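Please treat every number below as a calculation from the coordinates, not as lab data. Here the structure is a predicted model, which is why all the values come from computation and not from measurement. Cβ atoms come from the backbone with ideal geometry, glycine included; neighbour counts cover every protein chain shown.
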Amino acid sequence: MKKGKSTKKKLEPFEIGELDQYLFGQGNHYEIYEKMGAHKVVYKGKEGVYFAVWAPNARRVAVVGDFNGWDFEANYMERQEPVGIYTCFVPGVKEGDLYKFCIETQQGKRIFKADPFANYAELRPGTASRVTDISHLKWTDSAWMTRRETWDHKKNPMSIYEVHLGSWMRHPGRDDEGFYTYREFADAIIKYVKDMGYTHVELMGMAEHPFDGSWGYQVTGYYAPTSRYGTPEDFAYMINELHRNNIGVILDWVPAHFPRDAHGLADFDGTPTFEYADPRKGEHPDWGTKIFDYGKPEVKNFLIANALFWIEHYHVDGLRVDAVASMLYLDYGKQDGQWVANKYGGNENLEAIEFFKHLNSVVLGRNKGAVMIAEESTAWPKVTGAPEDDGLGFSLKWNMGWMHDFTEYMKLDPYFRKNAHHMMTFASSYAYSENYILVLSHDEVVHLKCSMLNKMPGLGFDKYANLKVAYAFMTGHPGKKLLFMGQEFAQLREWSEERELDWFLLAEPEHQAIQNWYRDLLHLYRKNKALYEMDSDPAGFEWINADDIFRSIYSFERHSKDNKKNLLFVCNFTPMERPDYRVGVTRRKQLKLVLNSDEKKYGGSGVERPKIYKPVKQECDGQKYSIAYPLPAYGVAVFEF
């Protein structure tokens with residue numbers, strides 16, 4: 001019997017095949033974005049675009065756009081079974097053409113949706129996707145990418161500048177809202193970050209979103225850098241230049257929820273496609289948004305591939321995952337009757353837990369030196385624990401408990417701080433339960449919470465002096481560091497996305513002094529291994545006096561692995577001078593004063609002080625040896641052994 005010829009059609013490399021559908025249906029097609037969406041190709045000798053969209057419950061799907069007069073009958077798409085991906089090739093489609101998918105629901109209604117996998121979109125208020133080719137981005141950051149493979153977040157310094165690109169700095173008097181482009185921003189921020197001493201920038205809201213007031217946390221285009229600041233090529237330029245200047249890039253990433261906008265993911269094919277069908281699981285009552293269905297393999301695939309897309313295709317160094325707690329708890333922000341328990345009767349979202357384990361295992365397993373950061377506001381155990389040990393697998397976690405205690409303490413009148421002394425020491429009792437980042441983020445300086453400066457008690461000098469001692473304590477405390485833009489020079493007003501930071505304040509000596517102080521803290525941090533290489537090891541931190549309650553003074557040492565050049569911090573949180581102050585030291589080694597808040601450039605008195613201090617055999621703070629140091633009001637002194 002003659003062997004029959006195969007009737008199976010030979011696929012082009014860009015076409016969706018059976019294996020693609022199988023992997024997507026299993027949730028494991030990590031490069032699915034290379035097939036889905038809109039891709040410029042040559043097919044049967046013709047140039048055009050291959051379109052692919054997942055709409056499993058649609059009756060019919062067509063692609064409409066500039067190229068066919070937005071005629072929904074011009075280019076119907078072919079359904080691929082079994083997962084319900086629709087595909088078609090349209091010749092003559094050009095780079096820059098706008099398009100949408102016209103989805104005919106089972107009820108016969110036509111809805112027009114932006115492409116979930118689009119790499120570019122038209123500028124809001126427009127809502128269409130835009131054809132673009134991101135397969136030939138130019139990269140010259142190979143030295144950075146090679147070094148990243150051996151970078152270890154536990155052992156290296158990490159001081160993060162959290163930035164909202166649209167309001168960091170603007171061009172005055174321009175008609176187009178004055179936004180800096182990605183390229184202009186890169187050139188400006190690089191100079192600033194290098195001068196200040198940050199190691200990373202964390203960029204808020206880079207994925208496409210319709211509403212400026214959401215700050216980018218209600219996403220409609222997960223695979224598209226927002227067109228507000230330029231093209232995908234411009235976005236890649238920004239990351240490339242930051243890397244060439246040894247600055248890491250972290251993006252905020254939002255797998256927790258998405259908006260109801262008609263052109264977005266909500267009820268994508270006329271049914272709950274990306275979200276849970278049961279509104280008790282699929283909707284956030286407080287936020288008015290939809291919750292991804294983490295039990296659906298295709299949805300998990302959409303999100304995991306998206307994380308990989310930013311890290312692998314755009315060379316991003318890490319993702320800060322927004323609103324993790326809202327994903328972990330089924331009853332988050334909900335009243336009785338608004339949520340449904342898991343199969344064991346608990347409030348944990350078992351599917352979200354498995355999603356995180358899968359996500360972090362794949363992203364970090366494939367990208368050595370990248371980081372996944374959880375914004376998780378509860379005491380959920382093992383957020384940074386290994387998935388094989390039932391952890392969620394994140395690299396780092398925002399320390400929201402420390403942030404809350406720290407800001408509440410700092411708001412107190414110094415007279416009452418003695419009654420809340422433990423608020424500044426409590427975090428050391430759990431500092432090693434996770435790998436933490438200490439954060440003073442955008443969330444702390446909006447919605448009537450006041451800027452960091454205006455959280456401080458008192459008037460005039462007292463406010464600035466309080467802020468200085470606060471930042472010094474944060475720098476010395478175990479954990480990586482994050483500060484939101486503007487707070488490094490004591491912005492007076494709360495942050496608003498509608499205007500640039502108040503850079504004019506730097507003409508005032510008080511604000512310049514705070515910037516000088518924070519800059520020198522950052523450079524001290526980067527220069528001294530004692531401040532970062534043992535963040536996750538209890539041996540890296542030692543209280544000298546955690547119980548000086550009535551004077552509200554805290555003293556502690558930070559240790560490096562080799563025990564050389566350890567640092568001693570002394571922080572006075574009251575306006576009382578302590579001319580007779582004495583502090584214990586752990587060894588009889590001379591100390592060098594490396595940071596003194598009373599210097600003129602920091603807004604202090606400018607009184608000259610010795611640089612070298614020799615410990616004497618005089619018991620203090622439970623130590624055999626000690627030094628005397630006249631401590632000014634709100635004084636900070638940092639010594640190096």
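Rounded to the nearest 500, what is the 222 nm mean residue ellipticity of the chain from helices alone, with -39500 (n - 2.57) per DSSP H run of 4+ residues and division by all residues?
On the way: 13 runs with 137 residues, N = 641.
Dividing the helical sum by the residues of the chain leaves -6500 deg cm²/dmol.
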Under 5 Å between amide hydrogens, which residues at least 5 positions from Asp267 or on another chain qualify, with H placed 1.01 Å from N in the peptide plane?
Thr273, Phe274, Glu275
Could you work out how far helix 509-527 tilts from the main Cα principal axis of the chain, as a 0 to 90 degree angle to the nearest 10?
80 degrees
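Mind putting a number on the dipole of segment 50-182 about its Cα centre? Charges go on the C-beta only, +1 for Lys and Arg and -1 for Asp and Glu, and I need it in Debye to the nearest 20.
The dipole of segment 50-182 has a size of about 400 debye.
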Using alpha-carbon pairs under 8 Å, 6+ residues apart, how would you state the relative contact order of segment 363-440 in percent?
30 percent
Stretched fully, the stretch from Lys109 through Glu348 gains (0.36 nm per residue minus C-alpha distance, one decimal, in nm) 82.4 nm
Simple spin-label model, 7 Å along Cα-to-Cβ: Thr425 to Thr271 in nm?
6.1 nm
When a footprinting reagent is the concern and you count Cβ atoms within 10 Å, what order do Ser129, Ser142 take, fewest first?
Ser142, Ser129
Across all Cα atoms of segment 538-640, Rg and the largest Cα-Cα distance (Dmax), in Å, are 13.1, 37
For segment 433-500, which trypsin sites (Lys or Arg not before Pro) pass both filters: DSSP loop (anything but H, G, I, E, B) and at most 13 other C-beta atoms within 10 Å?
Arg499
To the nearest 20 debye, what is the magnitude of the charge dipole of the chain about its Cα centre, counting +1 on the Cβ of each Lys and Arg and -1 on the Cβ of each Asp and Glu?
1880 debye
Angle, helix 182-196 long axis vs. longest principal axis of the chain, Cα atoms, 0 to 90°, nearest 10?
20 degrees
Are there trypsin sites (Lys or Arg not before Pro) in segment 1-104 that DSSP puts in a loop and that have at most 14 other Cβ atoms within 10 Å, and which ones?
Lys2, Lys3, Lys5, Lys8, Lys9, Lys10, Lys44, Lys94
Cβ-based net charge around Asn399, under 12 Å, with every Lys or Arg adding one and every Asp or Glu removing one
-2
Any idea how far the Cα center of segment 132-152 sits from the one of segment 91-112, in Å?
34 Å
Volume per residue (Å³) of the convex hull spanned by the alpha carbons of segment 18-130 is 111 Å³
Toward the positive end of the charge dipole of the chain, about the Cα centre and with charges on Cβ (Lys, Arg +1; Asp, Glu -1), which of Gly45, Thr150, His421 goes farthest?
Thr150
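Where the only charges are on Cβ atoms (+1 Lys, Arg; -1 Asp, Glu), what is the dipole of segment 538-640 about its Cα centre, to the nearest 20 debye? Intermediate results must be reported in sequence, preceding the final value.
Details: 18 positive and 13 negative charges, 112 e Å.
The calculated dipole for segment 538-640 is roughly 540 debye.
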With an 8 Å Cα cut-off and a minimum separation of 6 or more residues, compute the relative contact order for segment 18-130 in percent.
24 percent
In the chain, taking the dipole from +1 charges on Lys and Arg beta carbons and -1 charges on Asp and Glu beta carbons about the Cα centre, the listed residue (Cys450, Gln623, Tyr161) farthest towards the positive end is Gln623
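As a test, work out the antiparallel percent of DSSP beta bridges whose residues both lie in segment 175-322, rounded to the nearest 5. Before the final figure, lay out each step's value.
Values: 6 of 14 bridges.
Roughly 45 percent of the beta bridges in segment 175-322 run antiparallel, per DSSP.
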In percent, how large is the relative contact order of the chain, given Cα pairs closer than 8 Å and 6 or more residues apart?
10 percent
Which of (1) 92, 70, 45; (2) 100, 59, 51; (3) 91, 55, 42 gives Cα extents along the principal axes in Å as computed here? It is (2)
Residue order, fewest to most surrounding Cβ atoms within 10 angstrom, among Lys411, Lys529
Lys411, Lys529
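Quick one: net charge of Asp66's neighbours, Cβ under 15 Å, K/R +1, D/E -1?
In short, -1.
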